[in-house]
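Participant: The structure's right below; bear with me while I get my questions together.
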Amino acid sequence: MTEIPDPPKLKTWKDKLWSITKTVLKIAISGALLYYVFSKVPFSQVKNKLLSANYWWMFAGLICFFISIVVSSWRLSSFFKSIGLKLDPRFNFRLYLLGLFYNFLLPGGIGGDGYKIYILNKNYKHPGKKIFWSILFDRLSGLWAIGLIIVALIFLIPQIDIQIAIPLGIFLAGSAIYYFVAYMFFREYTKFFFQAHAKAVIVQLFQVLTIICVLFGQNFTGKFSPYLLSFLISALATLVPTIGGAGAREAIFTKLSGVFHLDVNLAVFLSISFYLTSLLVSLFGIYYVLRPSRLAEGLPQDEVIKDELVAEENK
């Protein structure tokens, strides 16, 4: 029988203080950015758009986003397979939802990625460092897909006075360097490299469809591409330490609305709608916080591990 490693060491007071400090900073940054946004855009205008929206289209957007999460978990499994970590698809998806919940709603506690590394290292005996790099490449594949779609949208926006060959050339050169570095120094993670990046494109396309559905829900009949490009650029907001991206996306949309001549009220509404959609989907992960034994349901694991999860649930 496989030996179960000891649980992680308890946090010191310094660790707890840093965790609290990070949470306070994220709340402060989100608050400051939202204050900036609503100093430019009346909140009542955004609220009216939400109240007057076609909720069937909003629901369709929710479905598109949920599909993107399903494909995201499938994409991550490609990088896990690269290191010989073959997870049951059901468990992989449950773990992905739980990680999404941790990342989105518990920014100051254990991160979703940190939890994945811990649980997979514990149950499958894979080095945490390898799992970390798999998750990092999963994130990089998403950024690569965003770059690809941005290049395609630039071609459709007349306000951007630039030869398409320039951004396309930069993207192709960057992609070549990206793959070369990955192949030379992280070859193990390139076994399913192209497959994973194709999935990454599907993920981003479904998230773009989410925004298109929200626009349809506002009876929008103008040009979609400037709003979609702004949305993809705002995805970089995930690099800003905020609460689930709150405030950062809205601030980027607000700034870009002047560049691309967008309806700033609609632009901010799109950002808030995407945030709320992400929040709703992430809430599915709370089920596995309350019922941790269901996380491993159907897995061909040692009964000791399953009993441990049941014991955790019954505490």
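Participant: If you take the residues in region 88-110 that are assigned to a loop (DSSP other than H, G, I, E, B) and open to solvent by 30 Å² or more (accessible area, probe 1.4 Å), which one is modelled with the highest pLDDT? Full working, then the answer.
Facilitator: First pass over region 88-110, keeping only residues assigned to a loop (DSSP other than H, G, I, E, B): 88, 106-110.
Then keep just the ones that are open to solvent by 30 Å² or more (accessible area, probe 1.4 Å); that gives 88, 106, 109-110.
Values: D88: 87, L106: 63, G109: 47, I110: 53.
Going through the qualifying residues, I end up with D88.
Participant: Here's a follow-up. Can you report the number of residues in region 131-153 which are open to solvent by 30 Å² or more (accessible area, probe 1.4 Å) and closer than 23 Å to V208 by Cβ?
Facilitator: Result for region 131-153: 7.
Participant: So how many residues does region 249-260 have that are within 18 Å of P42 (Cα to Cα) and either touching a Gly at 6+ places or on another chain (Cβ under 7 Å) or in contact (Cβ under 8 Å) with a residue 12 or more places away in the chain (or both)?
Facilitator: 8
Participant: When region 50-62 is examined, which residues are found to be touching a Ser or Thr at 6+ places or on another chain (Cβ under 9 Å) and surrounded by fewer than 17 Cβ atoms within 10 Å (Cβ to Cβ)?
Facilitator: Here is the first cut: in region 50-62, the residues touching a Ser or Thr at 6+ places or on another chain (Cβ under 9 Å) are 50, 53, 58, 60-62.
If the condition is that a residue be touching a Ser or Thr at 6+ places or on another chain (Cβ under 9 Å) and surrounded by fewer than 17 Cβ atoms within 10 Å (Cβ to Cβ), then L50 is the only one that fits.
Participant: In region 292-315, which residue that is of a type in the set (D, E, K, R), open to solvent by 60 Å² or more (accessible area, probe 1.4 Å) and in a loop (DSSP other than H, G, I, E, B) is modelled with the highest pLDDT?
Facilitator: Looking at residues that are of a type in the set (D, E, K, R), open to solvent by 60 Å² or more (accessible area, probe 1.4 Å) and in a loop (DSSP other than H, G, I, E, B), I get E297.
Participant: Let me ask something additional. With the requirement that a residue be closer than 20 Å to F101 by Cα and open to solvent by less than 20 Å² (accessible area, probe 1.4 Å), what does region 73-87 give you?
Facilitator: Result: S73, R75, L76.
Participant: Same structure, new question: Filter region 120-130 for residues that are open to solvent by 10 Å² or more (accessible area, probe 1.4 Å) and in contact (Cβ under 8 Å) with a residue 12 or more places away in the chain; which is nearest to L87 (Cα to Cα)? Walk me through it before giving the result.
Facilitator: Of region 120-130, the ones open to solvent by 10 Å² or more (accessible area, probe 1.4 Å) are 121-130.
Imposing the further condition that a residue be in contact (Cβ under 8 Å) with a residue 12 or more places away in the chain reduces the set to 121-126, 130.
Working: N121: 12, K122: 14, N123: 11, Y124: 9, K125: 13, H126: 12, K130: 15 Å.
The qualifying residue nearest to L87 (Cα to Cα) is Y124.
The values are calculated or read from the model by the stated rules, or taken from the named source; none is laboratory data. If you're wondering where the values come from, they're calculated on a predicted model, not measured in any experiment. Note that we place each Cβ from the backbone using ideal geometry, even for glycine, and neighbour counts take in every protein chain shown. Note: accessible area is taken over every heavy atom of the protein model, side chains too, but ligands, DNA and RNA are not part of it. Shrake-Rupley method; radii C 1.70, N 1.55, O 1.52, S 1.80 Å.
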